[in-house]
Amino acid sequence: MIIKQLSVFLENKSGRLHEVFDVLGASNINVSACSVADTSEFGILRMIVSEPDKAREILKEKLFSVNVSEVISFATPNAPGSLSKTLQILSNAQISIEYLYGFSIGEKSFIALRCDNAEKAVMEFQRHQMELISASELYKF
Amino acid sequence: MRREIEKRLKIKAIDIYGLSEIIGPGVSFECEHQCGLHINEDHFIPEIIDPDTLEVLPEGELGELVFTTVTKEGLPIIRYRTRDLTRLNFETCACGRTLVRMNKCTGRSDDMLIIRGVNLFPSQIESVLLEMDETTPHYLLVVDRVNNLDTLQLQVEVEDRFYQDKISELQALRMKIQHQIESATGLSVTVKLVEPKTIERSEGKAKRVIDNRKMI
Ligand SMILES: [Zn+2]
């Protein structure tokens, strides 16, 4: 239920982001989710990829700084108020969210979320019968 | 480096300092306590000066080392500027010698930058970076002038494990480096974290400073 996410530190230089995807694409690694958090000085690319360990090695070889962190991913109905309900579960359990990213299409919204206690969050979501997305589902393409 | 040599060769490594303009090696040397280099004051008179004003600095201050030879007959020199930066320690050493000790040289006065009227040696920045666990000694100083005010930016690579996912922690690390540099140099500096292995490596003397003020 816990998913490995890669984070890549990037200076704000044009073409850098493209290079990451170029390297991964050439190694037949699929990116199933990503987001870029940016500051005025640098950005952090966060992504969920099909083979996180291999991707990490490949990027390291190309001198990117790569970090692996744990996120959880879930689906909620694509309807007003559904994310609010979900996040209520976490805040009731005293779990703090670091960040999240996602989007909705059709019937569902898909979210990747990093919090201060991923295991506890998974347990809470299971207790509330939320639709968690497993790593194997996400890594598949 | 020294510890490494000592460990592998099972020896005690002693630092010796000298300049060919004076006598070559042997101007000063470490004793068994390895806590500064005793200057052979019976032959050479050391002074520490401000490389900018050329004034002699008070005891213990960092500045340029200057020598006057006492016993040389062929080519005596008076107040010879070595361009090496160090400080002098006049306390009696644990070995019992009363000869003044100089610290290991921390840089060259030619490298000195004057920023907002403050003298800055790149080696001061380097020693802060070497002391911190998070930083590497791979850095570049960019000096510029904006609205008639000198600006100082430090680009630095950090240790791999510190490039991590949380922006708040990266920003905190930036502030920490900034703060350490400021307290060591008295100058405000903008720190920019750069990607690993992006600062140019060079075989000899690395290029550590880009001074854009000269072009104005
Ligand atoms: Zn001694």
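With B:D52, B:D42 as the choices, which residue is among the acidic types (D, E) and more than 16 Å from the ligand (Cβ to nearest atom)?
Only one candidate passes the filter, namely B:D52.
Restricting to segment B:137-172, name every residue that is away from chain A (no Cβ under 12 Å), under 30 Å from A:K62 (Cα atoms) and of a type outside the set (A, V, I, L, M).
B:P137, B:H138, B:Y139
Give me the residue from segment B:94-125 that is charged (D, E, K, R) and away from the ligand (no atom under 16 Å from the Cβ) and, out of that set, modelled with the highest pLDDT.
Only one residue fits best here, namely B:R116.
Do you know which residues across segment A:1-34 are within 13 Å of chain B (Cβ to nearest Cβ) and closer than 15 Å to A:E137 by Cα?
A:K4, A:Q5
Within segment A:66-108, which residues are of a type in the set (V, I, T) and either under 26 Å from A:V20 (Cβ atoms) or within 14 Å of chain B (Cβ to nearest Cβ) (or both)?
Those that are of a type in the set (V, I, T) and either under 26 Å from A:V20 (Cβ atoms) or within 14 Å of chain B (Cβ to nearest Cβ) (or both): A:V66, A:V68, A:V71, A:I72, A:I97, A:I105.
So the check is Cβ under 7 Å with 6+ separation or different chains; which pairs have a first residue in segment B:180-191 that's assigned by TED's automatic domain parsing to the domain that holds B:V142 and a second one that's among the hydrophobic types (A, V, I, L, M, F, W, C) and in a loop (DSSP other than H, G, I, E, B)?
B:Q180/B:M132; B:I181/B:V189; B:E182/B:V189
Among the small types (G, A, S), under 20 Å from the mean Cα position of the chain (by Cα) and part of a loop (DSSP other than H, G, I, E, B) - does that describe any residue in segment B:161-183?
So far as segment B:161-183 goes, no, none of its residues is among the small types (G, A, S), under 20 Å from the mean Cα position of the chain (by Cα) and part of a loop (DSSP other than H, G, I, E, B).
Sort out which residues of segment B:146-171 are over 30 Å from A:D116 (Cβ atoms) and in contact with a strand residue (DSSP E or B) (Cβ under 7 Å, 6 or more places away or on another chain), and write them in order of number.
Across segment B:146-171, the qualifying residues are B:D150, B:T151, B:L152, B:Q153, B:L154, B:Q155.
Taking A:L59 as the residue in question, decide whether it is surrounded by 12 or more Cβ atoms within 10 Å (Cβ to Cβ) and aliphatic (A, V, I, L, M).
Yes; evaluated as a whole, the condition is true for this residue.
Would you please name the residue that is farthest from the chain's Cα centre (by Cα), looking only at residues in segment A:35-65 that are more than 12 Å from chain B (Cβ to nearest Cβ) and touching a residue at least 60 places away in the same chain (Cβ under 8 Å)?
Checking each candidate, the answer is A:E51.
Any idea which of (1) touching a strand residue (DSSP E or B) at 6+ places or on another chain (Cβ under 7 Å); (2) part of a strand (DSSP E or B); (3) not basic (K, R) is the one B:D52 doesn't satisfy?
B:D52 satisfies every listed condition except (2).
For B:G24, only one of the following conditions fails: (1) out of contact with any Asp or Glu (no Cβ under 6 Å at 6 or more places or on another chain); (2) buried (at least 19 other Cβ atoms within 10 Å of the Cβ). What is its number?
Failing condition for B:G24: (2).
Consider segment A:22-61. How many of its residues are farther than 22 Å from A:Y99 by Cα and either assigned by TED's automatic domain parsing to the domain that holds A:S134 or not acidic (D, E) (or both)?
Result for segment A:22-61: 13.
Looking at segment A:62-107 only, could you name the residues that are hydroxyl-bearing (S, T, Y) and surrounded by fewer than 14 Cβ atoms within 10 Å (Cβ to Cβ)?
Hits for segment A:62-107 are A:S84, A:S91, A:S96.
Out of all the residues in segment B:111-122, which are surrounded by fewer than 18 Cβ atoms within 10 Å (Cβ to Cβ) and free of Cβ contacts under 8 Å to residues at least 60 places away in the same chain?
Within segment B:111-122, B:G117 is the sole residue that qualifies.
Does A:I48 meet the test of being part of a strand (DSSP E or B), in contact with a strand residue (DSSP E or B) (Cβ under 7 Å, 6 or more places away or on another chain) and crowded, with 17+ Cβ neighbours inside 10 Å?
When the stated conditions are applied, A:I48 passes them.
Within segment B:7-17, can one find any residue that is away from the ligand (no atom under 16 Å from the Cβ), farther than 30 Å from B:R116 by Cβ, buried (at least 18 other Cβ atoms within 10 Å of the Cβ) and away from chain A (no Cβ under 14 Å)?
no
Could we say that B:L88 is away from the ligand (no atom under 16 Å from the Cβ) and either under 30 Å from B:R208 (Cα atoms) or at pLDDT 95 or above (or both) here?
No; evaluated as a whole, the condition is false for this residue.
Name the pairs whose Cβ atoms lie under 6 Å apart, with the first residue in segment B:39-57 and outside the structural domain of B:K72 (by TED's automatic domain parsing), the second part of a loop (DSSP other than H, G, I, E, B) and at pLDDT 95 or above, and 6 or more positions between them or separate chains?
Filtered contacts from segment B:39-57: no entries.
Please work out which residue is farthest from the ligand (Cβ to nearest atom), limiting yourself to segment B:29-39 and to residues that are more than 18 Å from the chain's Cα centre (by Cα) and buried (at least 16 other Cβ atoms within 10 Å of the Cβ).
Checked segment B:29-39; the qualifying residue farthest from the ligand (Cβ to nearest atom) is B:I39.
The values are calculated or read from the model by the stated rules, or taken from the named source; none is laboratory data. Model, not experiment: these values are computed from the prediction. Here the Cβ is made from the backbone with ideal geometry for all residues, glycine too, and neighbour counts use every protein chain on show.
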